[in-house]
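Comments concern the structure below.
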Amino acid sequence: MKKVIMMASVASMIDLFNKENIKILKELDSEVHVVCNFDFGNITSAERITEFKKELECENISYTNLPIPRNIFDMKNIFRSYRELKHFLKDKDFSLIHCHSPIGGVLARLAGKKYRSKGLKIIYTAHGFHFFKGAPIKNWLLFYPIEKYLSKFTDTLITINKEDYKIAQRFSQTHLEYVPGIGVNTEKFSTSAVKREAVRKELEIKSEDFTLISVGQLSKRKNHAIVLKALSEIKDARLKYIIVGFGELETELKQMATDLNISDRVFFLGYRGDINELLHASDCFIFPSLQEGLPVSLMEAMAAGLPILCSKIRGNVDLIHQNENGLFFDPLNEKDVTKAIHSIMTYNKNKMSKNNLARIKRYDKKVIEKEMIKIYKTSLY
């Protein structure tokens, strides 16, 4: 039985984006060990992380907690995690490490590089390089050299969008693969077990209201504030905005909604397990993010048949075609966001819905699963 490490900076990255990969590895007769930070930095609730641990235990999957930070300047915890990871790898005879997230990818490749001569393979999935078209120059100066250097110790580099794939062709990894994300369960999101009217009634949203929805961490990168500002410019009480997720900006965003006199039109729902039902109860998915790899929440909205309003950035442009299945806007331009919201309220949403349901099929999890099986087999055998 091959021994494999599934590693990321935080547990929520494994929970949200890698359970299918763990399932594939187990089906390939591998013994999987999860290595990440369970204690802090997660984008899901503490209750969900506890539940995730129990799920791993039920599947006989061991897990190791490392104090991996999300801040690249937290050198104390980075060095501590590096030392503990090196000790963990010693004499364990692992066949493969599949690592994710920038810091998790750095630690895994540095700690594992000397074992590659003994047969260890290292796969790194880049969920969106920090250097991209339009990124600050400091990102290119700091992160680009790091990724280029570490590619020397990478057997397979997986990129999930076309821009990153093009950049990675300059690097030195043994194999470069383009796999469009983690896949989405299109069958699950195409229908809802709970009727639209029942969900709207629970939220006190009227049938005639036009409801926008965003799903994602309440952070600067996700850029919810621009939608709140745009909403305040549209004096239509029927326009409502559902925000699903939590994060460090929750208090600030709630205060902003109050200050803009739109708190009665904005619903902060926190972490929810019924995303599918909430999508089907909404009229449009709005995604103002400033930086993405290939956003799962956007793909789930497409699978639910929602028209899309989103920022014209890397990842989003792989999924959305202007006027076909969504509309783009400048995520830093309040007037542009306002204009896009006005437009979608009168647009042919049935056309966009049909186009999204057709387009998302190429991102179905079954399609992605076949690609990952090939990559794992090549790495393990």
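The values are calculated or read from the model by the stated rules, or taken from the named source; none is laboratory data. Small disclaimer: the values here were computed from a predicted structure and weren't measured. Ideal geometry is used to build each Cβ from the backbone, glycine not excepted, and the neighbour counts take in all protein chains shown.
Structural remarks
- Test: residue in the stretch 140-158 that is in a loop (DSSP other than H, G, I, E, B), surrounded by 14 or more Cβ atoms within 10 Å (Cβ to Cβ), among the hydrophobic types (A, V, I, L, M, F, W, C) and touching a residue at least 12 places away in the same chain (Cβ under 8 Å): no
For every residue, the table says whether it meets (1) more than 23 Å from the chain's Cα centre (by Cα); (2) under 28 Å from LYS374 (Cβ atoms); (3) modelled with pLDDT of 95 or more; (4) not charged (D, E, K, R).
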{"site": "ILE5", "(1), (2), (3), (4)": "no, yes, yes, yes"}
{"site": "GLU31", "(1), (2), (3), (4)": "yes, yes, yes, no"}
{"site": "ASN37", "(1), (2), (3), (4)": "no, no, yes, yes"}
{"site": "GLU47", "(1), (2), (3), (4)": "no, no, no, no"}
{"site": "SER62", "(1), (2), (3), (4)": "yes, yes, yes, yes"}
{"site": "ARG70", "(1), (2), (3), (4)": "no, no, no, no"}
{"site": "PHE73", "(1), (2), (3), (4)": "no, no, no, yes"}
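- Residues that are among the acidic types (Asp, Glu) and more than 24 Å from ALA111 (Cβ to Cβ) within the stretch 14-47 comprise GLU20, GLU27, ASP29, GLU47, listed in sequence order.
- Spans of helices (runs of 4 or more DSSP H) in the stretch 301-369 with at least 2 residues in contact with a Gly (Cβ under 9 Å, 6 or more places away or on another chain) and under 23 Å from ARG196 (Cα atoms): 349-359
- From the list LYS138, LYS188, the lone residue that is charged (D, E, K, R) and over 24 Å from ILE22 (Cβ atoms) is LYS138.
- In this structure, ILE368 qualifies as touching a residue at least 40 places away in the same chain (Cβ under 8 Å), surrounded by 19 or more Cβ atoms within 10 Å (Cβ to Cβ), within 23 Å of PHE189 (Cα to Cα) and in the same structural domain as ASN161 (by TED's automatic domain parsing).
- Test: residue in the stretch 265-275 that is over 20 Å from GLY181 (Cβ atoms), hydroxyl-bearing (Ser, Thr, Tyr) and at pLDDT 95 or above: no
- Number of the exception - ILE122 against (1) farther than 28 Å from VAL317 by Cα; (2) part of a helix (DSSP H, G or I); (3) outside the structural domain of ILE243 (by TED's automatic domain parsing): (2)
- Among the residues listed as LEU294, LEU279, LEU298, the single one being under 21 Å from the mean Cα position of the chain (by Cα) and not in a helix (DSSP H, G or I): LEU294
- Residue in the stretch 312-325 that is crowded, with 21+ Cβ neighbours inside 10 Å and of a type in the set (S, T, N, Q) present: yes
- Total residues in the stretch 211-221, condition surrounded by 19 or more Cβ atoms within 10 Å (Cβ to Cβ) and not β-branched (Val, Ile, Thr): 5
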